[in-house]
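Novice: Sharing a structure here in structure tokens format.
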């Protein structure tokens, strides 16, 4: 049995391309005691992975060159040399862009396919859902009646942020990049309104019109000029959880814009960057709430699923092309 | 008896100049019941006043045109029509750039000239001291052994921040603009080290050398390029109380620089703008601690005192010329 793996072949400058990735076939080693062999079912592609492709100081190490790119995977136990797992069990772990992974038993976590669709552990019940939960609630601290603006609103994180804001009684405005996404946010997810930043003649004016009382929380997934314009609408004592800056991840030049200090002072505004790992000790609390809301039908989610192992790199690039609504996944095998 | 007053004659673009201010003589009206007539002794000039000269949205209203510029004043009761004050009492209030002010009794607060020099109520025991106290302790949350960098370190706020950081057991590095200020910070105030940003060949390199463990708290009084360079040295989970941006207050063009989002995310950094008014309910707590430390000799302060009412505008401009060490005051009459 051969394994297919995708390696980081070179560090991209700007948008990754065919030189960035290399597909390799490799033999699968035998299992040692306590290890399991996992067949990937869903491979996650996430915007933060772009940062790891660059060799810069960050909260996690850059991906090493010529090694398998790692990321979230939901898979099924193919062979087990651990008493903790049986063949056929579904698991989640940070396994990477490969068809088969070998992991120590403690490196993966069993998931129950009867409780929720297995893919949700990479989305609404997984890292993106927890990112939305802690960023909005812990940094944003929403209060009933406040106005929340979310950029990248149709993505895995943004769509969850907006719905949690609604659960907390906020007026919620999404910013996204297609009319289909705008429709989805308002009609399917219950956002109060949404703005298509690609077609609006004047984002600043539309923000003013749709947020007549200003913005109390801006959950920032995109950075760049969109965020500059939302900043201008922030209220006194506003909170800005800074979660992502996807508009800038593939910039070749420096990311230059208005400095924020004077704005922050004038209105006593808080900006706080975070990653979900900051809240590792509280994952149980977040997962419990997300699961409850999902069960009650108060949280909805969408998945954009690409098929086929070879399409992982292209699916990853779709994130930056704005192709996905909700969580973007690649299905690489069928669950058995 | 005639009163001299300084009015805002026009809104400055860039650095204020002779067209910005107008000195006027006016009669002093009679007192109504409950009012007091105050003779100004010390008039405070503060960087934040520059913001009020511009007609932009802010946390306080802009100064109205052709009216007396308001600001902190320590004075002495000249005549009283209130049972709460006697002639000769020292008071502090937001009175403005004029030799004599009429105020309602509740608009001023009595101060005790025996407890501390009266001028300290405009400095170390007043707004600048409280600004340092709450910004550093409430937003910065210093922990023993952490590295604190303060810009504008020789000013009224910065010099207090650095000393409180030392009281809290931090390694403290100041950034200021003259060798005399650098000497003052290290030799007189006990900063661990200081950097002259005007003469350093490479601020980035000097920050790296003087903060080998990175920067945990950056108390920002200046904004602009100095802050860009300190940001690059921030540690994971760093806190940045954003207090002032004096380097940008007189800019004619927009304040453009590196956007901070990616940095904030990569290191889970908090930036929070504030003004001392945010902490109005806790002033007693702050003043008590500052008074105690001052009494124990653990806090020191410097004052730069200009003499003469007519010199108030020029003294104000000295703030932006980097002329002051510690609190900048204008003495306009002798206490009796």
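All of the numbers you see were taken from the coordinates with simple rules; none came from a lab. Because the structure is predicted, anything quoted here is derived from the model rather than measured. As a convention, Cβ positions derive from the backbone with ideal geometry for all residues, glycine included, and neighbour counts pool all protein chains shown.
Novice: Per-residue Cβ counts within 10 Å, from other chains only, averaged over A:253-259: what number is that?
Specialist: Partner-chain Cβ atoms within 10 Å, mean over residues of A:253-259: 6.
Novice: Something else now. Calculated from DSSP H runs of 4 or more alone, at -39500 (n - 2.57) each and per residue, what is the 222 nm mean residue ellipticity of chain B, nearest 500?
Specialist: After summing the helix terms and dividing by residue count, I get -6000 deg cm²/dmol.
Novice: Right, here's the next one. Among B:255, B:192, B:314, which one moves the most in a GNM of chain B with springs linking Cα atoms closer than 10 Å?
Specialist: Sorting by GNM fluctuation, first place goes to B:255.
Novice: Ok, one more. Could you tell me how many degrees, from 0 to 90 and to the nearest 10, lie between the Cα long axis of helix A:312-321 and the main elongation axis, the longest principal axis, of the Cα atoms of chain A?
Specialist: That works out to roughly 0 degrees.
Novice: Specify the angular offset, from 0 to 90 degrees and rounded to the nearest 10, of the alpha carbon long axis of helix A:156-167 from the longest principal axis of the alpha carbons in chain A.
Specialist: 50
Novice: Please work out the Cα center distance from the stretch A:215-229 to the stretch B:228-259, rounded to the nearest Å.
Specialist: The stretch A:215-229 and the stretch B:228-259 have Cα centres separated by 18 Å.
Novice: Right, something else. If you line up the Cα atoms of chain A on their principal axes, what length do they span on each, largest first, in Å?
Specialist: Principal axes ranked by extent give 62, 45, 34 Å for the Cα atoms.
Novice: Could you tell me how many cubic angstrom of Cα convex hull volume the stretch B:127-278 has per residue?
Specialist: About 111 Å³ per residue, rounded to a whole number.
Novice: Give the average, rounded to an integer, of partner chain Cβ atoms located within 10 angstrom of each Cβ in B:270-283.
Specialist: Per residue, the average neighbour count from other chains is 4.
Novice: Run through the other copies and list how far each one's label point is from that of residue A:212, in nm with one decimal, shortest first; the point sits 7 Å from Cα along Cα-Cβ.
Specialist: So the distances to the same position in the other copies read 6.1 nm.
Novice: Related question: Where does each of B:184, B:42 land when they are ranked from fewest to most other beta-carbon atoms within 10 angstrom?
Specialist: Fewest to most other Cβ atoms nearby, the residues stand as B:184, B:42.
Novice: Using only the alpha-carbon atoms, what does the protein assembly as shown span along each of its principal axes? Please give whole angstrom values in decreasing order.
Specialist: Largest first, the protein assembly as shown extends 100, 52, 41 Å along its Cα principal axes.
Novice: Continuing with the same structure: In whole angstrom, how far apart do the alpha carbon centroids of the stretch B:144-194 and the stretch A:290-336 sit?
Specialist: Going from one Cα centre to the other spans 51 Å.
Novice: Still on this model: Compute the projected area of the convex hull of the Cα atoms of the stretch B:230-336, averaged over all viewing directions, and report it in nm² to one decimal place.
Specialist: 10.8
Novice: Taking residue A:198 in one copy and the same position in all the others, each labelled 7 Å out along Cα→Cβ, what are the pairwise distances from the first, in nm, shortest first?
Specialist: Inter-copy label distances (nm, one decimal, shortest first): 5.2.
Novice: For the stretch A:127-278, what relative contact order do you get, as a whole percent, if you take Cα pairs closer than 8 Å and at least 6 residues apart?
Specialist: On the way: 303 pairs, mean separation 34.4, N = 152.
After rounding, I find 23 percent.
Novice: Hey, another quick one. Can you name the residue in chain B whose Cβ lies closest to the B-to-A rotation axis, and give that gap in whole Å?
Specialist: That would be B:271, 2, residue then distance in Å.
Novice: Please check: in the Gaussian network model of chain B (C-alpha springs, under 10 Å), which one of B:179, B:289, B:30 has the largest mean-square fluctuation.
Specialist: In this elastic network of chain B, the residue with the biggest mean-square fluctuation among B:179, B:289, B:30 is B:30.
Novice: Against the 2.2 N^0.38 Å scaling, with N counting residues, where does the stretch A:86-189 land? I'd like the Cα-based Rg ratio to two decimal places.
Specialist: The value comes to 1.31.
Novice: Once each part is reduced to its C-alpha centroid, what is the distance from the stretch A:116-132 to the stretch A:269-286 in angstrom?
Specialist: A separation of 15 Å, based on Cα centres.
Novice: Among B:129, B:96, B:257, which one moves the most in a GNM of chain B with springs linking Cα atoms closer than 10 Å?
Specialist: Of the options given, B:257 has the highest mean-square fluctuation.
Novice: Could you work out the relative contact order of chain B? I mean the mean sequence separation of Cα pairs under 8 Å and 6+ apart, divided by the number of residues, in percent.
Specialist: Numbers: 717 pairs, mean separation 60.0, N = 336.
After rounding, I find 18 percent.
Novice: Where does helix B:283-295 land angle-wise versus the long Cα axis of chain B, in degrees 0 to 90, nearest 10?
Specialist: So the helix axis and the longest Cα principal axis differ by about 80 degrees.
Novice: Then there's this: Can you pull the three principal axis extents for the Cα set of the stretch B:1-66, in Å, largest first?
Specialist: Principal-axis extents of the stretch B:1-66 (Cα, largest first): 40, 26, 21 Å.
Novice: Also, I was wondering about something else. Can you list the distances in nanometres, one decimal and ascending, from the residue A:1 label point to the identical position in each other copy, with the point 7 Å along Cα to Cβ?
Specialist: Reported distances to equivalent positions: 9.8 nm.
Novice: Then there is this: Can you tell me the relative contact order of the stretch A:71-149? Whole percent, Cα pairs under 8 Å, sequence separation 6 or more. Walk me through the numbers before you get to the answer.
Specialist: Numbers: 80 pairs, mean separation 18.0, N = 79.
Computed over the stretch A:71-149, the figure is 23 percent.
Novice: If you split all Cα-Cα distances of the stretch A:36-107 into 5 Å bins from zero, what percentages do you get per bin, shortest first?
Specialist: 3, 17, 25, 19, 15, 10, 7, 2, 0
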